[in-house]
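Have a look at the structure that comes next, please.
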Amino acid sequence: YEGGFRVPFIVSWPARLEPGKQYDYPVSSLDVFATSLSLADLKIPTEKKYDGVDIIPYLSGKKTGRPHQTLYWKSENNVFSIRDGDWKMIRFPEDKIEIYDLSADISESNNLYRDKPEIADRLMKLVDAWNSELLPPDYLKKNK
């Protein structure tokens, strides 16, 4: 389930970033856009909402904490995933739900859905609110 989270993301900029430093919070490929614009002294366009953030202040230590408290995914077959802090939920189309506390269960082997229904409800509300803002993918428009 963590197909993209534990993939190394390597940044090398010896003039600005300390070599060999490890950053442990998740970042997103969406951050590349925001970071590139910032490095070019350009502003993120405002005509629509973008999810990425400039990660250089986090990598350099100017900012602490997580660049994203919450990250979301939606697959083509309507599987939703959310990571909020150390909590992760996967919601499948047939209403199968799994939640994991990644701080205690990095291998995602202990589904806490039945033990933590309040956390599952909170995460489902976040996913539903996020999903309501999404535009249909362009590739689906072209196939119609």
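The values are calculated or read from the model by the stated rules, or taken from the named source; none is laboratory data. Model, not experiment: these values are computed from the prediction. Cβ placement follows ideal geometry from the backbone for every residue including glycine, while neighbour counts extend to all protein chains displayed. The area values use the complete protein model at the heavy-atom level, side chains included, leaving out ligands, DNA and RNA. Shrake-Rupley method; radii C 1.70, N 1.55, O 1.52, S 1.80 Å.
For the stretch 78-139, max minus min Cα coordinate along each principal axis, in Å, sorted largest first?
Dimensions of the stretch 78-139 along the principal axes of its Cα atoms: 38, 23, 21 Å.
Right, something else. Ignoring ligands, DNA and RNA, what percent of the 1.4 Å accessible area of the stretch 15-144 is carbon and sulfur?
With neighbouring chains kept in place, the figure for the stretch 15-144 is 50 percent.
OK, next. Set Lys and Arg Cβ to +1 and Asp and Glu Cβ to -1, take the dipole of the chain about its Cα centre, and tell me which of Leu39, Leu71, Ser132 lies farthest positive.
Of the options given, the answer is Leu39.
Place a label point 7 angstrom from the Cα of Met124 along the Cα-to-Cβ direction, then list the residues of the stretch 81-106 whose backbone nitrogen is under 15 Å away.
81-82, 89-100
So, one more: When ligands, DNA and RNA are left out and all protein chains stay put, how many square angstrom of accessible area per residue does the stretch 1-115 have with a 1.4 Å probe?
It amounts to 67 Å² per residue over the stretch 1-115.
Oh, and also: How large is the charge dipole for the chain, taken about the Cα centre, if only the Cβ atoms of Lys, Arg (+1) and Asp, Glu (-1) carry charge, to the nearest 20 debye?
440
Any chance you could give the angle, 0 to 90 degrees and rounded to 10, that helix 117-133 forms with the longest Cα principal axis of the chain?
Between the helix axis and the principal axis of the chain, the angle is about 60 degrees.
When all alpha-carbon pairs of the stretch 36-102 are counted, what percent fall beyond 20 Å?
Pairs farther apart than 20 Å: 48 percent.
Suppose we take every Cα in the chain and form the convex hull; what volume per residue is that in Å³?
150
Also, quick follow-up: Mind checking the full-extension length gain between Leu37 and Arg16? Use 0.36 nm per residue of separation minus the Cα-Cα distance, one decimal, nm.
Answer, rounded to one decimal: 5.9 nm.
Over the chain, what is the relative contact order in percent, taking alpha-carbon pairs closer than 8 angstrom and at least six residues apart?
With pairs under 8 Å counted, the relative contact order is 13 percent.
Distance check, please: which entries in Lys21/Lys43; Lys49/Lys88; Lys21/Lys125 exceed 30 angstrom between their Cα atoms?
Beyond 30 Å: Lys21/Lys125.
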